[in-house]
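Derivation of every value follows stated rules applied to the coordinates shown; laboratory data play no part. Since this is a predicted model, take the numbers as computed values, not measurements. All Cβ positions, glycine included, derive from the backbone under ideal geometry; neighbour counts span all protein chains shown.
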Amino acid sequence: MLKLIVYYLPMPFVVYLLYLLSGSCLAGGLFFLGSFPFLIRMTEIKSENLRKKLKIFVSNYLFLYKTLCFMTLSAIGLGILGWGTIIKTPAFIWLSLVFYILSMWRGYQNYIQIKIKEYTVEISDYDTELNLVFLSDIHLSELRSINYVKEIVEKVNGLSADCILVGGDTIESHMEYLEDKGFDQTLKKMRSEYGVYGVLGNHEYTGDLNKNMEYLDRCGIKILRDESIIIKKLEFIFRDDKTNDSRKKLKDIYKSVYPKIVVDHRPKFEEALSEGAVLQISGHTHGGQFFPVNLGYMLKYKVIYGYKKIKNTAVIVSSGAGTGFFTYRTWSKSEIVRITIRGKAHE
Ligand SMILES: [Fe+2]
């Protein structure tokens, strides 16, 4: 009996842990070993038939790869623990399968169920209120479905925003492969009193920038590059992505005395802090998306997700409404951000 408890009770946890390690390392390995650029380039293939076949392969690629790795590493792990014989038992096989499917299901749910994340930012001496919606990292590609985009638009319009801000990486890479998808006609239905304004992300630069900008225009998103606009006594600064080496400095874009809100794709805040912006809103990190990709972002950025107040500057980083390539998240959830800007209550 004791043997049964000692050996079998922790097994589900061990299996789950091994799954997380092996599966996620594998996804990371896939990314880092260079398969990722290869898979992205598949979308450039001209033959419609071949592209369709590859798309199905790609959609299943992560699943197949993770399954193989999970089984191998679980077996090695249990072998090291001296539980080698357990691997051959039906209980192990069934439990492994259940945990594996549950994790894949959860990862997919984290992607497909788009949450609304709300923040309130209070600004001194601001006597009115403004409701913003921030939408980032949709990553429109052949793998994104029209229903997913429709849901984004429905949710955004349901928030009755005064202004919609788009944080970049709206297009995965090439607009040419989005032509027959109807994404542009759907996104064009986003409504707000002051309009839909956006910045470019690093991904828009990976395709033909002019064509991608033209497509974003068709989506009803007015892309601003190192420009600012004033809405309700607030100055919004839309910075070009860092990919553009000659993007302007923040202070060279400022044009008013109003409080400054910076929209910049990547969550680097130093300049916003030194130039006295009240808020910077960014995306890019996907909230980490999955292990170990999240570790890379954690090393590079001080904030990869959520809200943080640094001195007098508030920073908000969104996990984004879509995902980079894989429709799978174990470290974050898809989201649309709503930000209420209002005056600071007097104490
Ligand atoms: Fe992105």
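Points worth noting:
- Part-to-part distance (alpha-carbon centres) for the stretch 328-344 and the stretch 237-254, which is given in Å: 24 Å
- Backbone N under 14 Å from the residue 189 label point (7 Å along Cα→Cβ), restricted to the stretch 133-147: 146-147
- Listed values for the stretch 264-274 are Karplus-derived 3J(HN,Hα) couplings in whole Hz (6.51 cos²θ - 1.76 cosθ + 1.60, θ = phi - 60°), namely 9, 4, 8, x, 9, 10, 3, 5, 4, 5, 5, and x replaces Gly and Pro.
- For the stretch 130-210, the list of chymotrypsin sites (Phe, Trp or Tyr not before Pro) that fall in a loop by DSSP and count at most 16 other C-beta atoms within 10 angstrom reads 194.
- Counting other Cβ atoms within 10 Å as a rough exposure proxy, the listed residues 331, 105 run 105, 331 from fewest neighbours to most.
- Violating pairs (Cα-Cα greater than 22 angstrom) within the set 150/260; 260/344; 260/308; 117/222; 117/249; 233/300: 150/260; 117/222; 117/249; 233/300
- Long pairs among 255/302; 115/242; 181/232, criterion Cα-Cα beyond 32 Å: 181/232
- In terms of its C-alpha gyration tensor, the stretch 299-347 comes out oblate, because a/c is 1.5 or above while a/b does not outweigh b/c.
- For the stretch 114-343, the square roots of the Cα gyration tensor eigenvalues, ordered a ≥ b ≥ c, give a/c below 1.5, which places it in the rounded category.
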